[in-house]
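First comes the structure, then the notes that go with it.
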Amino acid sequence: MSSGSTSHELAAKLRELVTGLSTGDRLPSSRQLIERYHVGPATVARAIALLAAEGAVVTRPGSGTYVAPRTSARAEAADTGWQTVALTDRTVNTRTIHDSLPPPAGSITMDGGYIHRSLQPTRALSAALARAARRPDAWDRAPATGLPALRAAFADLTQAGAQPDDVLITAGGQSALSVVFRAVAGPGSPVLVESPTYPGALAAASAAGLRPVPVPVDQDGIRPDLLADAFAMTGARLLYCQPTFHNPTGSVLPPERRRQVLNVARAAGAFVVEDDFARHLGHGGRPPAPLISEDRDGTVIQVTSLTKPVAPSLRIGALIARGPVMERLRAVRLVDDFFVTRPLQEAALELVSSPSWDRHLRSLSEELRERCALLAAAVARQAPDCVLTGVPAGGLHLWIRLPDHTDDTAVAAAARRHRVTVSAGGRYFAAEPPAPHLRVGFAATADHAELMEGAKRLGEVLREGLPTR
């Protein structure tokens, strides 16, 4: 083996060696491997680490590397059929938010819900994490409700006149939804949702034992007249909605409708869960004030997060609420995991308190605006038989209406075969969808060129004979 050999090549040689040995046999020492294969110590260390990760060998510091016990055929064929009988109540269903099949190699991602690494404030985030880690109390236990300074920062970011005591720090927006659904309504209760809506909210509601009841939307968001009817018919005490840059349609609830939604909810004695995930994803201009800013009676519980405008692994979000419901939210959060890891909270605080935060939001806004316009034009050009329901003023996606009777799931599968991933619209509905749609993202691609290539591949799929139901 030449001196230029890689650790993967050495690992392949060692696998052959292990095959001829028995469980518990000792492999040659690192020095012997270096001499035998003419490689460096680092290459040997990486190759051994690869085999250890595969379970082929075990390392014992100070002793050596040994062949690991091989899994018996009996263990591989373990009978877990009893679990089918035991797992009778399927309340946790992630099929609407998780695709178990990885996309083909070379695929362009246009179904993701996060911004690409090239759009993330990576340098500022790394610097914030480094500063946070240097704090003498960085690894101390954080308060169950969150760091006071971070709660104050979220209170300011929401533009809702909230106080720090009204804020509860969570491990991202999805965690916040799980908390609020379990805290506010009991199992079996109805929860009103927009139709279409965010699949993660449907999954969280179902996992909490709630029954999602759809309320139609139009180009201006949820319809207050039908909302009043839904409250009256179901007796629901909870509404989940996204008034600003709605996912998946991108709509923004106009001021008059915002007031109507609040009035209808108050009349029903119901809470409104405002998912404000996209406040920092505008495409220029100032987004409307959040629904909670018009609420003085504790009707609105706001969900917000830093994940979408920053990076997927910055799992920092918040619940904002007034009144006794906050105690209930705190109790559920405490049961879940006691508190959100302190270094991540400190890093989030460092980030939003730095001058780079506003610069990042401005550059992100401009880039999202350009990408949205590029993709909208490409869809109009590449797929004339499809209808773009509107060019959103914020968010990460376009919502595309397909011709009647098209099988949107089959279209998404065909796009995957063309190495571009998009989301079938059916998963965004709590009941039967009124029409077939696709949700197509523009923020998860590396650059404009990749975005246009993705649009081209999708156009090829949409110009072929579309599968029908």
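In region 208-231 there is no residue that is under 19 Å from the mean Cα position of the chain (by Cα) and under 26 Å from Pro254 (Cα atoms).
Restricting attention to region 153-175, the residues that are under 16 Å from Ile292 (Cα atoms) and either basic (Lys, Arg) or part of a helix (DSSP H, G or I) (or both) total 7.
Is it the case that region 348-360 has a residue that's buried (at least 18 other Cβ atoms within 10 Å of the Cβ) and of a type in the set (Lys, Arg)? No. Take the residues in region 373-409 that are among the polar types (S, T, N, Q) and within 24 Å of the chain's Cα centre (by Cα); name whichever of them is farthest from Gly441 (Cα to Cα). Taking the candidates together, the pick is Thr409. Of the residues that sit in region 58-73 and are free of Cβ contacts under 8 Å to residues at least 40 places away in the same chain and closer than 16 Å to Arg15 by Cα, which one is surrounded by the most Cβ atoms within 10 Å (Cβ to Cβ)? Here the residue is Thr65. Within the option set Leu226, Leu238, being under 30 Å from Gln345 (Cβ atoms) and either crowded, with 21+ Cβ neighbours inside 10 Å or not assigned by TED's automatic domain parsing to the domain that holds Gly425 (or both) holds for one residue only, Leu238. Among the helices (runs of 4 or more DSSP H) confined to region 26-132, the ones with at least 2 residues that are modelled with pLDDT of 85 or more are located at 30-37, 41-54. Within region 339-353, one or more residues are more than 22 Å from the chain's Cα centre (by Cα) and touching a residue at least 12 places away in the same chain (Cβ under 8 Å).
Every residue, every condition in (1) crowded, with 22+ Cβ neighbours inside 10 Å; (2) within 21 Å of the chain's Cα centre (by Cα); (3) not assigned by TED's automatic domain parsing to the domain that holds His246, yes or no:
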| position | (1), (2), (3) |
| --- | --- |
| Arg151 | yes, no, no |
| Gly161 | no, no, no |
| Asp166 | yes, no, no |
| Ile169 | yes, yes, no |
| Ser178 | yes, yes, no |
| Phe181 | yes, yes, no |
| Val184 | yes, no, no |
| Ser189 | no, no, no |
| Leu192 | yes, no, no |
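The values are calculated or read from the model by the stated rules, or taken from the named source; none is laboratory data. Bear in mind the structure is a predicted one, so any value in this text is a computation, not a measurement. Note: ideal-geometry Cβ built from the backbone for every residue, glycine included; neighbour counts use all protein chains shown.
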